[in-house]
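K.L.:
My questions will all concern the structure given below.
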Amino acid sequence: MKQIFLFLIIISTSTFAQNTAPECGTPPLDSASIVNLPWFGNNIFLKEYKQKKEKEKKEKKEKKFKGLEESILSTQTVCTPFDYLVPVRMVIWQNSSNNSQMTSEVAESILMEANNRFLSAGSSIQFYLVRSPLSISNNAYSDGLTGGEELDMFLAQYNSKQITVHLIGGGGSLGTAMKSLKSLWIRTDPNGGNLDLFGSSIYIERLGGTLAHEFGHVLGLSHTHDAARLSTSEDNGAIYNNCYQESVSRSRRNKIGCISTYKKLKCEINGDQLCDTEADPNMNKFSYIDNPNATNGCIYTLPPSGDYRSDNWGILWSPNAKNIMAYNNRRCRNFFSDGQITVMKHTLDTDWSNVTPELSISKSQVCYNGTATVSMPSYYGDGYTSIYGASYRWEDGAGISASSGQTTKSLTVRGTSSSFSGYSPVKVFVSSPVGSFCLQTYVWVGVPPAPASISGNTDSCIGASEFYFTPGSSHASSYDWTIDPFGSNWAIEFENNTESRIRIGYSSAYVNVQAVNNCGSSNKKYILVNGEECDVNCTMRLVLSPNPKKSEVVNLRIIEPCLTTNNADKYIIVIYDNQGHKIIEEQSSENSFQINDILGPGIYHIIVSRKGKVVSEQLIVEE
């Protein structure tokens, strides 16, 4: 039943081309699929998507590792983790007469070559094996695919959590991919059955170039030369008023005869719908340069005349002959445009899961002589719990040292310093038969950092009660408030982590707060508070209405019985949120005013002071 369902999905979303190109059998997208691409006619989507993902990545790191100083990495081996690690399974289809020479080692070398192409292109995407390449004897698949054999083969080995790479002995083209089934095949006799080059560096380069190309298709890329939508002629034939034709110019727009795409940039709606990939007439149609002795190298050579010399507007073609998605010399393929890379990342974010692995940590902090375990991810594709053939080398940073597991998937570290406090990097360098990569995280070692500040009045009336707040500290589980008084009658009336209420005494006192975790207490953060004599009969009061409030304006009224008209001192009004952050600070000569609807839901502390008198009230803003 599952196979029938998948078959229906494929038939409804993919149309097989009747006349596939000689190199790649992956058909171009149909018109309905193209116009539904979010970047169709709107390449700014890709730019904004890239910026959004970079911002999310930065914010996630800042949230997870508050106060991280990148300078701590200066003494360590550089580790730049890839954005995506994609699981792959390889299947070698063999029989006694064809593809019989293909071995696991050669298959792994082909995948490593494809990884190198993605690395050279700056994609930050790499592929790894979840198991050794699997050899299966099957005469039909090994000799090439006919009729429905391609779909049958894909369905038989389909796994939604991995890309399945099929290596077959022959075929009409050099490879084909099917994005909906996360599957592809490549032909392993690229010289039409002549295996004289089998296993050589040229052979590996060629098949690695093909595999990188088909990976691009699985991750959502089209050929740079893909035929125009609805066109049945040559890729760049002048039909349908040129509405569907690619142009060399990146600024040319469709004209009035193109009803649904009038004024749209041609590079955003035709070809591969990406303006940062050069227009491509299909290099393979003019001159197939997949030749180790080619004299034109990795540059497109213009023919003396014809459609493959200039576009429909007479501008000479100048495609990038190194683009991995072009029909070029496979040994030249080492380039993706920014748009192509963003399309692949969009596909991985949309259609995949568990392809952005992170190291996990067993504890939030490590104390002196305490331990924590840093581990590789436990998920690598359906049914697999490790990377095939991987070896591990760990590096630890200041304040910790490796206790056990240096060559395994998990490293146990021990705190080695009673004085060190801060983030310490932990990195793992992973080597496998198809490539290498690294992952890194940061372990907090020791006591938390001291709180950044204390908010509250520094001058108040003797006997008054004042609230003081701290914004808190990363890696703290609680806070300890203390007083160092220079006079009598100072007292802590109440404390609740980042908040305390102090009774003001004579003279002055330091109000202190320390951040605390399992390893101990931070240094003190303090402010000096002065107690002053005030007229007890002239107590200032603060009235808030309504309180609690929802979305309406809050009326604030200050009642001060002894206020005289000659008193020129202004009121200072300060509003703090419940974490001690100052939200508003204003001065006013009036004893009543309004707080407009600028505060979100939460608890706020309003403090009003004037001439040594201080009063505070709590304001509750409801949803």
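K.L.:
Report yes if some residue within the range 79-94 is open to solvent by 20 Å² or more (accessible area, probe 1.4 Å), assigned to a helix (DSSP H, G or I) and at pLDDT 85 or above; otherwise report no.
P.N.:
No: the range 79-94 contains no residue that is open to solvent by 20 Å² or more (accessible area, probe 1.4 Å), assigned to a helix (DSSP H, G or I) and at pLDDT 85 or above.
K.L.:
For the range 128-144, which positions are of a type in the set (S, T, N, Q) and part of a loop (DSSP other than H, G, I, E, B)? Let's see the steps before the verdict.
P.N.:
Pass one, the range 128-144, residues of a type in the set (S, T, N, Q): 132, 135, 137-139, 142.
Matches in the range 128-144: SER132, ASN138.
K.L.:
Looking for whichever is at pLDDT 85 or above and surrounded by fewer than 11 Cβ atoms within 10 Å (Cβ to Cβ) here; the options are LYS2, LYS55, LYS47. Which one fits?
P.N.:
After ruling out the rest, the residue left standing is LYS55.
K.L.:
While we're on this one: I'm trying to understand the selection: among the residues of the range 140-155, which are touching a strand residue (DSSP E or B) at 6+ places or on another chain (Cβ under 9 Å), farther than 19 Å from GLU105 by Cβ and not aromatic (Phe, Trp, Tyr)?
P.N.:
If we filter the range 140-155 for residues that are touching a strand residue (DSSP E or B) at 6+ places or on another chain (Cβ under 9 Å), which is where we start, we get 140-145, 150-151, 153-155.
Among the residues that remain, those that are also farther than 19 Å from GLU105 by Cβ are: 140-141, 143-145, 150-151, 153-155.
Within the range 140-155, ALA140, ASP143, GLY144, LEU145, GLU150, LEU151, MET153, LEU155 qualify.
K.L.:
List the number of the failed condition for ILE239; all other conditions in (1) among the β-branched types (Val, Ile, Thr); (2) closer than 30 Å to THR261 by Cα; (3) open to solvent by 30 Å² or more (accessible area, probe 1.4 Å); (4) at pLDDT 80 or above hold.
P.N.:
With (1) among the β-branched types (Val, Ile, Thr); (2) closer than 30 Å to THR261 by Cα; (3) open to solvent by 30 Å² or more (accessible area, probe 1.4 Å); (4) at pLDDT 80 or above applied to ILE239, the lone miss is (4).
K.L.:
Filter the range 403-422 for residues that are part of a strand (DSSP E or B), among the small types (Gly, Ala, Ser) and open to solvent by 50 Å² or more (accessible area, probe 1.4 Å) and give the result. Working first, answer last.
P.N.:
We begin by selecting, within the range 403-422, every residue part of a strand (DSSP E or B); these are 403-404, 410-415, 422.
With the extra rule that they be among the small types (Gly, Ala, Ser), the set shrinks to 403-404, 410, 415, 422.
Within the range 403-422, SER403, SER404 meet the criteria.
K.L.:
When you scan the range 585-603, how many residues do you find that are open to solvent by 30 Å² or more (accessible area, probe 1.4 Å) and assigned to a strand (DSSP E or B)?
P.N.:
Adding up the residues that qualify gives 7.
K.L.:
Determine the pairs where a residue that is more than 20 Å from SER431 (Cβ to Cβ), located within the range 81-109, has a partner that is modelled with pLDDT under 95 and of a type in the set (Asp, Glu) with Cβ atoms under 9 Å apart, the partner being 6 or more residues away or on another chain.
P.N.:
Filtered contacts from the range 81-109: TRP93/ASP143; ASN95/ASP143; SER97/ASP143; ASN98/ASP143; ASN98/ASP189; ASN99/ASP143; ASN99/ASP189.
K.L.:
Conditions: (1) at pLDDT below 80; (2) open to solvent by less than 30 Å² (accessible area, probe 1.4 Å). LYS63 meets all but one. Number of the miss?
P.N.:
Looking at each condition in turn, LYS63 falls short on (2).
K.L.:
Moving to a separate point now. So which residues in the range 140-159 are among the hydroxyl-bearing types (Ser, Thr, Tyr) and either buried (at least 20 other Cβ atoms within 10 Å of the Cβ) or in contact (Cβ under 8 Å) with a residue 24 or more places away in the chain (or both)?
P.N.:
TYR141, SER142, TYR158
K.L.:
Follow-up. In the range 66-78, which residue that is among the hydroxyl-bearing types (Ser, Thr, Tyr) and open to solvent by less than 90 Å² (accessible area, probe 1.4 Å) is modelled with the lowest pLDDT?
P.N.:
Step one: of the range 66-78, the residues among the hydroxyl-bearing types (Ser, Thr, Tyr) are 71, 74-75, 77.
Pick out the ones that are also open to solvent by less than 90 Å² (accessible area, probe 1.4 Å) and you get 71, 77.
On the way: SER71: 45, THR77: 70.
Across the range 66-78, the extreme among qualifying residues is SER71.
K.L.:
Something else: Under 8 Å by Cβ, and 6 or more places apart or on different chains, what pairs join a residue from the range 111-123 that is of a type in the set (A, V, I, L, M) with one that is open to solvent by 10 Å² or more (accessible area, probe 1.4 Å)?
P.N.:
Listed by first residue and then by second, the contacts come to LEU111/GLY435; MET112/PRO433; MET112/GLY435; LEU119/GLN126; LEU119/GLY435; ALA121/ASN334; ALA121/PHE335; ALA121/ILE341.
K.L.:
Restricting to the range 433-449, name every residue that is among the small types (Gly, Ala, Ser) and surrounded by fewer than 19 Cβ atoms within 10 Å (Cβ to Cβ). Write out each step before concluding.
P.N.:
Residues of the range 433-449 that are among the small types (Gly, Ala, Ser), as a first pass: 435-436, 446.
Selection gives SER436 alone.
K.L.:
For THR342, state whether it is of a type outside the set (Phe, Trp, Tyr), modelled with pLDDT of 95 or more and closer than 27 Å to LEU111 by Cβ. Break it down into steps so the answer makes sense when it comes.
P.N.:
Values: of a type outside the set (Phe, Trp, Tyr): yes; modelled with pLDDT of 95 or more: yes; closer than 27 Å to LEU111 by Cβ: yes.
Considered against the rule, which asks whether it is of a type outside the set (Phe, Trp, Tyr), modelled with pLDDT of 95 or more and closer than 27 Å to LEU111 by Cβ, THR342 comes out as yes.
K.L.:
Exactly one condition in (1) in a loop (DSSP other than H, G, I, E, B); (2) closer than 19 Å to ILE125 by Cα; (3) open to solvent by 40 Å² or more (accessible area, probe 1.4 Å); (4) not aromatic (Phe, Trp, Tyr) is not met by VAL355; state its number.
P.N.:
With respect to (1) in a loop (DSSP other than H, G, I, E, B); (2) closer than 19 Å to ILE125 by Cα; (3) open to solvent by 40 Å² or more (accessible area, probe 1.4 Å); (4) not aromatic (Phe, Trp, Tyr), VAL355 is out only on (3).
K.L.:
For the subset of the range 487-542 comprising residues that are at positive phi and open to solvent by less than 80 Å² (accessible area, probe 1.4 Å), which member is modelled with the lowest pLDDT?
P.N.:
Within the range 487-542, the match that is modelled with the lowest pLDDT is ASN497.
K.L.:
Scan the range 370-384 residue by residue and report those that are surrounded by 18 or more Cβ atoms within 10 Å (Cβ to Cβ), in a strand (DSSP E or B) and in contact with a Leu (Cβ under 8 Å, 6 or more places away or on another chain).
P.N.:
Passing the criteria: only VAL374.
K.L.:
Oh, and also: Which residue, of LEU37, LEU46, is touching a helix residue (DSSP H, G or I) at 6+ places or on another chain (Cβ under 8 Å) and closer than 23 Å to GLU246 by Cβ?
P.N.:
LEU46
K.L.:
Which one of ILE400, ILE361, ILE387, ILE454 is of a type in the set (A, V, I, L, M) and open to solvent by 50 Å² or more (accessible area, probe 1.4 Å)?
P.N.:
ILE361
K.L.:
Go through the range 103-127 and report how many residues are open to solvent by less than 10 Å² (accessible area, probe 1.4 Å), touching a Gly at 6+ places or on another chain (Cβ under 8 Å) and not in a helix (DSSP H, G or I).
P.N.:
Looking only at that region, the number is 1.
K.L.:
Within the range 149-225, which strands (runs of 3 or more DSSP E) (wholly inside it) include 1 or more residues that are charged (D, E, K, R)? It would help to see each step written out before you state the result.
P.N.:
Details: elements: 163-168, 175-178, 183-187.
Counting at least 1 such residues, we get 183-187.
K.L.:
Is it true that ARG393 is among the charged types (D, E, K, R), farther than 22 Å from PHE429 by Cβ and touching a strand residue (DSSP E or B) at 6+ places or on another chain (Cβ under 9 Å)? Steps first, please.
P.N.:
On the way: among the charged types (D, E, K, R): yes; farther than 22 Å from PHE429 by Cβ: no; touching a strand residue (DSSP E or B) at 6+ places or on another chain (Cβ under 9 Å): yes.
Criteria not met by ARG393.
The values are calculated or read from the model by the stated rules, or taken from the named source; none is laboratory data. Values in this document were obtained by computation on a predicted structure and should not be read as measured data. Neighbour counts are summed over all protein chains in view; Cβ atoms, including those assigned to glycine, are modelled from backbone coordinates with ideal geometry. Please note that ligands, DNA and RNA were not included when accessible areas were found on the heavy atoms of the full protein model with its side chains. Shrake-Rupley method; radii C 1.70, N 1.55, O 1.52, S 1.80 Å.
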